[in-house]
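Undergrad: The structure follows.
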Number of protein chains: 2
Amino acid sequence: MEEIDKDHVDKILAQWRRERPELDVSAMGLLGRLARLRAHVSREQEKVFAEHGLTSASFDVLATLRRSGPPFQLSPGDLLAATMVTSGTMTNRIDQLEKAGLVERLNNPEDRRGVIIALTSEGLKRINAAATAHVANQQRLVAGLAPGDREALDALLRKFLATLE
Amino acid sequence: MEEIDKDHVDKILAQWRRERPELDVSAMGLLGRLARLRAHVSREQEKVFAEHGLTSASFDVLATLRRSGPPFQLSPGDLLAATMVTSGTMTNRIDQLEKAGLVERLNNPEDRRGVIIALTSEGLKRINAAATAHVANQQRLVAGLAPGDREALDALLRKFLATLE
DNA sequence: CCGCGATATCTTGACGTCAAGATAAATTGC
DNA sequence: GCAATTTATCTTGACGTCAAGATATCGCGG
């Protein structure tokens, strides 16, 4: 009577158990659900970013600048440290945002190797609006989960994350 | 006294609360940890795939063929249904795998629009070895989490996923 | 048995990402 | 002061992904 609904990931595990019964797939369920969940959440979030002419990449940079507080300026190195991407990726992100007029590269008076990335006033407006929509959308995405489950899940994700970083 | 260690995500939330106190960022912690966790896991998994000359994209296709059982053949449409990507992406994945000699496109005798993607013997060897290494690596990735926590986390992820798909 | 909407797969063009390495300026140590 | 090392950022080339649309074939309704 204790039937739990099988989801997509359960079917994959069942196939592996049939084809390669000697493999221990006990971790695959958890990691598979993590991946699938992330893919769904990610796509839903992208839709909201797109409504504001942004991608998750550009939102990520603008949001980092915005939440750093006035004057909304950081070096590429600072942005790099905050965003889990490589330097080449960050250069490209900044290039795109600069083309779009949402940030500008200023000379760094203290270090001629470096530059300062600054939100333009258009960039500030854009990220303020996008962030408002984004957090509302995040609320919607977790709305199907009971508040107690959300807390429990967050606590476990925190624990897990701590083992990896 | 109940101090929980602040992680990277907590710092982001604190910044938003300072800069945009009117925003309800209560869902951002959970979703942010999910994203970060997935990024870490993903990269660790890529390393193992790379040791076998694969990427997560190519592993994904080969694994789907492998766990479907003999004769290790599926249509692009079947693969599409199993893998959360678009048809253009699947065409590209198959192209790459075909170039690498790991799968081949066979004519579908029952439908001239369609083809059948079949693992080559080299592809079978490759995915068997890669899958063995991959599941071992997955065990390693969750090893830092107590077994009870793993179960609880998996159950919550399942619940959450069910609300989205 | 024919026309036409449905289906299976591929093509195109624009991005985003990474690894590896290039460039230029700052800093360190003698 | 100056060479060697380190640091900050950018460049290059190869992939992977998507959305939108192109092709070719299937199969249904008349």
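Undergrad: Starting from segment B:87-99, take each residue that is within 14 Å of chain A (Cβ to nearest Cβ) and list its partners that are within 8 Å of DNA strand D (Cβ to nearest atom), counting only C-beta distances under 9 angstrom and pairs at least six apart or across chains.
TA: So the pair list comes out as B:T89/B:A57.
Undergrad: Which of (1) under 20 Å from B:V9 (Cα atoms); (2) out of contact with any helix residue (DSSP H, G or I) (no Cβ under 9 Å at 6 or more places or on another chain); (3) of a type outside the set (K, R) is the odd one out, the single condition A:A57 does not satisfy?
TA: So A:A57 meets the others, but not (2).
Undergrad: Which one of the conditions (1) part of a loop (DSSP other than H, G, I, E, B); (2) near DNA strand D (Cβ under 10 Å from one of its atoms); (3) under 23 Å from the mean Cα position of the chain (by Cα) does B:G53 fail to meet, given that it meets all the rest?
TA: Just one mismatch for B:G53, condition (2).
Undergrad: So, one more: Only residues that are over 9 Å from B:S75 (Cα atoms) and open to solvent by less than 80 Å² (accessible area, probe 1.4 Å): list them for segment B:109-120, please.
TA: Residues satisfying the conditions are B:D111, B:L119, B:T120.
Undergrad: From the list A:D78, A:D154, exactly one residue is open to solvent by 50 Å² or more (accessible area, probe 1.4 Å) and assigned to a helix (DSSP H, G or I). Which is it?
TA: The match here is A:D78.
Undergrad: Of the conditions (1) farther than 30 Å from A:P109 by Cα; (2) among the β-branched types (V, I, T); (3) within 13 Å of DNA strand D (Cβ to nearest atom), A:T89 fails just one. Which one is it?
TA: (1)
Undergrad: Within segment A:63-83, track down each residue that is modelled with pLDDT under 95 and touching a His at 6+ places or on another chain (Cβ under 9 Å).
TA: A:A82
Undergrad: Then there is this: Is there a residue in segment A:26-43 that is open to solvent by less than 20 Å² (accessible area, probe 1.4 Å) and under 19 Å from A:A129 (Cα atoms)?
TA: no
Undergrad: Looking at A:G123, is it of a type outside the set (V, I, T), open to solvent by less than 20 Å² (accessible area, probe 1.4 Å), away from chain B (no Cβ under 14 Å) and in contact (Cβ under 8 Å) with a residue 12 or more places away in the chain? Break it down stepwise before answering.
TA: Numbers: of a type outside the set (V, I, T): yes; open to solvent by less than 20 Å² (accessible area, probe 1.4 Å): yes; away from chain B (no Cβ under 14 Å): yes; in contact (Cβ under 8 Å) with a residue 12 or more places away in the chain: yes.
Spelling it out, A:G123 is indeed of a type outside the set (V, I, T), open to solvent by less than 20 Å² (accessible area, probe 1.4 Å), away from chain B (no Cβ under 14 Å) and in contact (Cβ under 8 Å) with a residue 12 or more places away in the chain.
Undergrad: Confirm whether B:R67 is open to solvent by less than 40 Å² (accessible area, probe 1.4 Å) and either closer than 22 Å to A:R43 by Cβ or free of Cβ contacts under 8 Å to residues at least 12 places away in the same chain (or both).
TA: yes
Undergrad: Taking A:L106, is it buried (at least 17 other Cβ atoms within 10 Å of the Cβ) and of a type in the set (A, V, I, L, M, F, W, C)?
TA: Answer is no for this residue.
Undergrad: Then there's this: Could you check B:L62 against (1) without any contact (Cβ under 8 Å) to a residue 60 or more places away in the chain; (2) of a type in the set (A, V, I, L, M); (3) in the same structural domain as B:A118 (by TED's automatic domain parsing) and say which number it fails?
TA: (1)
Undergrad: Another question about this same structure. Of all the residues that make up segment B:10-23, how many are over 16 Å from A:D154 (Cα atoms) and either open to solvent by 60 Å² or more (accessible area, probe 1.4 Å) or of a type in the set (F, W, Y) (or both)?
TA: 5
Undergrad: Still on this structure: So is B:E110 more than 12 Å from DNA strand C (Cβ to nearest atom) and acidic (D, E) or not?
TA: no
Undergrad: Go through A:T89, A:T120 for me and flag whichever is within 18 Å of the chain's Cα centre (by Cα), of a type outside the set (G, A, S) and in the same structural domain as A:P71 (by TED's automatic domain parsing).
TA: A:T89
Undergrad: Please enumerate the residues belonging to segment B:63-85 that are away from DNA strand D (no atom under 16 Å from the Cβ) and hydrophobic (A, V, I, L, M, F, W, C).
TA: Within segment B:63-85, B:F72, B:L74 qualify.
The values are calculated or read from the model by the stated rules, or taken from the named source; none is laboratory data. All values reported here derive from a predicted model rather than from experimental measurement. For neighbour counting, all protein chains shown are included, and Cβ atoms are generated from backbone atoms with ideal geometry for every residue, glycine included. Please note that ligands, DNA and RNA were not included when accessible areas were found on the heavy atoms of the full protein model with its side chains. Shrake-Rupley method; radii C 1.70, N 1.55, O 1.52, S 1.80 Å.
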